[in-house]
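The values are calculated or read from the model by the stated rules, or taken from the named source; none is laboratory data. In this text the structure is predicted, and so the values were computed from the model without any measurement. All Cβ positions, even for glycine, are placed from backbone atoms using ideal geometry, and neighbour counts span all protein chains on display. SASA here: full protein model, heavy atoms, side chains in, ligands and nucleic acids out. Shrake-Rupley method; radii C 1.70, N 1.55, O 1.52, S 1.80 Å.
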Amino acid sequence: MSGLKPTHIILHCSATRDDRAFSWADIRSYHKSRGWVDIGYHFGIELVGSGYEVAIGRMPNEKGAHCVDAGMNSKALGICFVGNFDRTPPPLQQWLLGLRLVRSLCETMNIPFDHIHGHREFNPNKTCPGIQFNVEKFKQEVRV
(Lines give C-alpha, C1' and ligand atoms only; values in the text may rest on other atoms or scores of the structure.)
Protein backbone atom coordinates (compact mmCIF):
# COMPACT_ATOMS: atom_id res chain seq x y z
CA MET A 1 0.00 0.00 0.00
CA SER A 2 2.89 2.40 0.55
CA GLY A 3 5.24 3.80 -2.02
CA LEU A 4 3.09 6.45 -3.70
CA LYS A 5 5.25 9.31 -4.95
CA PRO A 6 2.52 11.71 -6.06
CA THR A 7 2.96 13.61 -9.30
CA HIS A 8 -0.63 14.89 -9.59
CA ILE A 9 -3.50 16.17 -7.46
CA ILE A 10 -7.11 15.25 -8.24
CA LEU A 11 -9.91 17.48 -6.89
CA HIS A 12 -13.14 15.77 -5.86
CA CYS A 13 -16.39 16.59 -4.13
CA SER A 14 -18.45 14.27 -1.96
CA ALA A 15 -21.67 15.17 -3.83
CA THR A 16 -23.38 15.30 -0.44
CA ARG A 17 -24.48 18.05 1.89
CA ASP A 18 -21.74 19.25 4.22
CA ASP A 19 -23.46 19.35 7.58
CA ARG A 20 -23.61 17.61 10.93
CA ALA A 21 -25.63 14.78 9.40
CA PHE A 22 -22.82 13.82 7.03
CA SER A 23 -19.13 14.03 7.83
CA TRP A 24 -15.63 12.91 6.85
CA ALA A 25 -16.05 10.01 9.26
CA ASP A 26 -19.21 8.99 7.39
CA ILE A 27 -17.34 9.00 4.08
CA ARG A 28 -14.59 6.86 5.64
CA SER A 29 -17.18 4.44 7.03
CA TYR A 30 -18.92 4.18 3.64
CA HIS A 31 -15.65 3.52 1.80
CA LYS A 32 -14.62 0.86 4.31
CA SER A 33 -18.05 -0.79 3.98
CA ARG A 34 -17.18 -1.29 0.31
CA GLY A 35 -14.21 -3.42 1.37
CA TRP A 36 -11.60 -0.68 0.99
CA VAL A 37 -8.79 -0.57 3.54
CA ASP A 38 -9.59 3.09 4.36
CA ILE A 39 -11.18 6.19 2.91
CA GLY A 40 -10.18 6.61 -0.74
CA TYR A 41 -9.00 10.23 -0.47
CA HIS A 42 -5.81 11.56 1.05
CA PHE A 43 -7.34 14.80 2.36
CA GLY A 44 -10.76 16.32 2.82
CA ILE A 45 -12.01 19.81 3.51
CA GLU A 46 -15.17 19.89 5.58
CA LEU A 47 -17.22 22.20 7.72
CA VAL A 48 -16.57 21.62 11.42
CA GLY A 49 -18.59 23.90 13.67
CA SER A 50 -18.48 27.32 12.08
CA GLY A 51 -15.28 26.87 10.06
CA TYR A 52 -13.60 24.62 7.55
CA GLU A 53 -10.85 22.18 8.43
CA VAL A 54 -8.52 19.87 6.57
CA ALA A 55 -9.18 16.23 7.40
CA ILE A 56 -6.64 13.47 6.92
CA GLY A 57 -7.57 10.41 4.92
CA ARG A 58 -4.95 8.06 3.57
CA MET A 59 -1.35 8.96 4.18
CA PRO A 60 0.26 10.85 1.27
CA ASN A 61 2.61 7.92 0.53
CA GLU A 62 -0.28 5.43 0.23
CA LYS A 63 -2.02 4.57 -3.03
CA GLY A 64 -5.45 6.17 -3.19
CA ALA A 65 -8.86 4.84 -4.19
CA HIS A 66 -10.35 7.97 -5.73
CA CYS A 67 -9.63 7.90 -9.49
CA VAL A 68 -9.00 4.58 -11.20
CA ASP A 69 -8.93 6.23 -14.64
CA ALA A 70 -5.48 6.69 -16.23
CA GLY A 71 -3.93 4.93 -13.24
CA MET A 72 -4.34 8.06 -11.14
CA ASN A 73 -4.76 6.13 -7.87
CA SER A 74 -1.07 5.27 -8.20
CA LYS A 75 0.02 8.79 -9.20
CA ALA A 76 -2.22 11.33 -7.52
CA LEU A 77 -3.26 12.67 -4.18
CA GLY A 78 -7.05 12.81 -3.89
CA ILE A 79 -8.56 15.85 -2.19
CA CYS A 80 -12.28 15.81 -1.44
CA PHE A 81 -14.20 19.02 -0.87
CA VAL A 82 -17.15 17.87 1.21
CA GLY A 83 -20.27 19.25 -0.42
CA ASN A 84 -22.34 19.11 -3.61
CA PHE A 85 -20.98 21.58 -6.14
CA ASP A 86 -23.34 20.62 -8.92
CA ARG A 87 -25.90 22.73 -7.04
CA THR A 88 -23.85 25.60 -5.63
CA PRO A 89 -20.26 26.78 -5.84
CA PRO A 90 -17.96 25.93 -2.94
CA PRO A 91 -18.16 28.38 -0.02
CA LEU A 92 -15.35 30.95 -0.11
CA GLN A 93 -13.81 29.78 3.19
CA GLN A 94 -13.65 26.18 1.92
CA TRP A 95 -12.24 27.33 -1.44
CA LEU A 96 -9.49 29.39 0.24
CA LEU A 97 -8.50 26.54 2.55
CA GLY A 98 -8.38 24.23 -0.48
CA LEU A 99 -6.04 26.67 -2.22
CA ARG A 100 -3.74 26.74 0.81
CA LEU A 101 -3.70 22.94 1.05
CA VAL A 102 -3.06 22.33 -2.64
CA ARG A 103 -0.42 25.07 -2.86
CA SER A 104 1.36 23.56 0.15
CA LEU A 105 1.26 20.05 -1.30
CA CYS A 106 2.55 21.24 -4.67
CA GLU A 107 5.42 23.10 -3.03
CA THR A 108 6.45 20.42 -0.52
CA MET A 109 6.02 17.45 -2.88
CA ASN A 110 7.27 19.14 -6.05
CA ILE A 111 3.98 18.61 -7.87
CA PRO A 112 3.70 20.96 -10.86
CA PHE A 113 0.74 23.35 -10.74
CA ASP A 114 -0.36 22.10 -14.15
CA HIS A 115 -0.77 18.62 -12.64
CA ILE A 116 -3.85 19.70 -10.68
CA HIS A 117 -7.01 18.21 -12.18
CA GLY A 118 -10.70 17.85 -11.56
CA HIS A 119 -11.86 14.22 -11.41
CA ARG A 120 -14.09 14.85 -14.44
CA GLU A 121 -10.98 15.36 -16.60
CA PHE A 122 -10.34 11.63 -16.33
CA ASN A 123 -13.94 10.42 -16.35
CA PRO A 124 -16.25 12.40 -18.63
CA ASN A 125 -19.28 10.61 -17.14
CA LYS A 126 -18.70 12.51 -13.89
CA THR A 127 -19.12 16.18 -13.03
CA CYS A 128 -16.79 15.88 -10.01
CA PRO A 129 -15.75 18.14 -8.33
CA GLY A 130 -19.05 19.64 -9.49
CA ILE A 131 -20.24 21.73 -12.41
CA GLN A 132 -20.12 24.86 -10.24
CA PHE A 133 -16.57 24.14 -9.07
CA ASN A 134 -14.41 26.13 -11.49
CA VAL A 135 -11.30 23.93 -11.76
CA GLU A 136 -9.49 26.29 -14.15
CA LYS A 137 -10.02 29.23 -11.80
CA PHE A 138 -8.82 27.12 -8.88
CA LYS A 139 -5.66 26.14 -10.77
CA GLN A 140 -4.96 29.79 -11.60
CA GLU A 141 -5.48 30.92 -8.01
CA VAL A 142 -3.23 28.17 -6.61
CA ARG A 143 -0.32 29.79 -8.48
CA VAL A 144 -0.76 33.16 -6.70
**Fill in**
Shape call for the chain, from the Cα gyration tensor axes a ≥ b ≥ c (a/c under 1.5 means rounded, otherwise prolate when a/b beats b/c, else oblate), comes out rounded
**Beta bridges per DSSP with both ends in the chain, % antiparallel, nearest 5** = 40
**Fill in**
Rounded to the nearest 10 Å², the accessible area of GLU121 using a 1.4 Å probe with every protein chain kept is 90
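Under the definition of Cα pairs under 8 Å and six or more residues apart, what whole-number percent is the relative contact order of the range 73-144? Present the calculation step by step, with values, prior to reporting the outcome.
Details: 51 pairs, mean separation 30.0, N = 72.
Value for the range 73-144: 42 percent.
Can you compute the helix-only [θ] at 222 nm over the chain? Use -39500 (n - 2.57) per DSSP H run of at least 4 residues, normalise by all residues, nearest 500 deg cm²/dmol. All intermediate terms of the calculation are to be shown ahead of the outcome.
Details: 3 runs with 36 residues, N = 144.
Here the helix-only value at 222 nm equals -8000 deg cm²/dmol.
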**Request:** Specify the residue with the greatest mean-square fluctuation among TRP24, TRP36, TRP95, computed from a Gaussian network of the chain linking alpha-carbon atoms under 10 Å apart.
**Result:** TRP36
**Message:** Can you list residues from other chains, or at least 5 along the same chain, whose modelled amide H is less than 5 Å from the amide H of CYS13?
**Reply:** PHE81
**Prompt:** What longest region of the chain stays clear of trypsin sites (Lys or Arg not before Pro) that DSSP places outside H, G, I, E and B and that have at most 12 other Cβ atoms within 10 Å?
**Reply:** 88-142
**Item:** Solvent-accessible area of CYS106 with every protein chain in place, 1.4 Å probe, in Å² to the nearest 10
**Value:** 10
**Message:** Which residue fluctuates most in the GNM of the chain (Cα springs below 10 Å): PRO60, PRO124, PRO89?
**Reply:** PRO124
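Report the gain in length on full extension from HIS115 to ILE56: 0.36 nm times residue separation, minus Cα-Cα distance, nm rounded to one decimal.
On the way: separation 59, 0.36 × 59 = 21.24 nm, distance 2.11 nm.
Gain in length upon complete extension: 19.1 nm.
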**Fill in**
In the structure shown, of LYS63/LYS137; LYS32/LYS63; LYS75/LYS139, the pairs separated by more than 23 angstrom at the C-alpha atoms are LYS63/LYS137
**Message:** Could you tell me the center-to-center distance, by alpha carbons, between the range 1-76 and the range 92-126 in angstrom?
**Reply:** 13
**Prompt:** Between ASP69 and THR7, what is the label-to-label distance in nm when each label sits 7 Å out along the Cα-to-Cβ direction?
**Reply:** 1.9
**Request:** Please give the solvent-accessible surface of THR108 in Å², to the nearest 10, using a probe radius of 1.4 Å with every protein chain present.
**Result:** 100
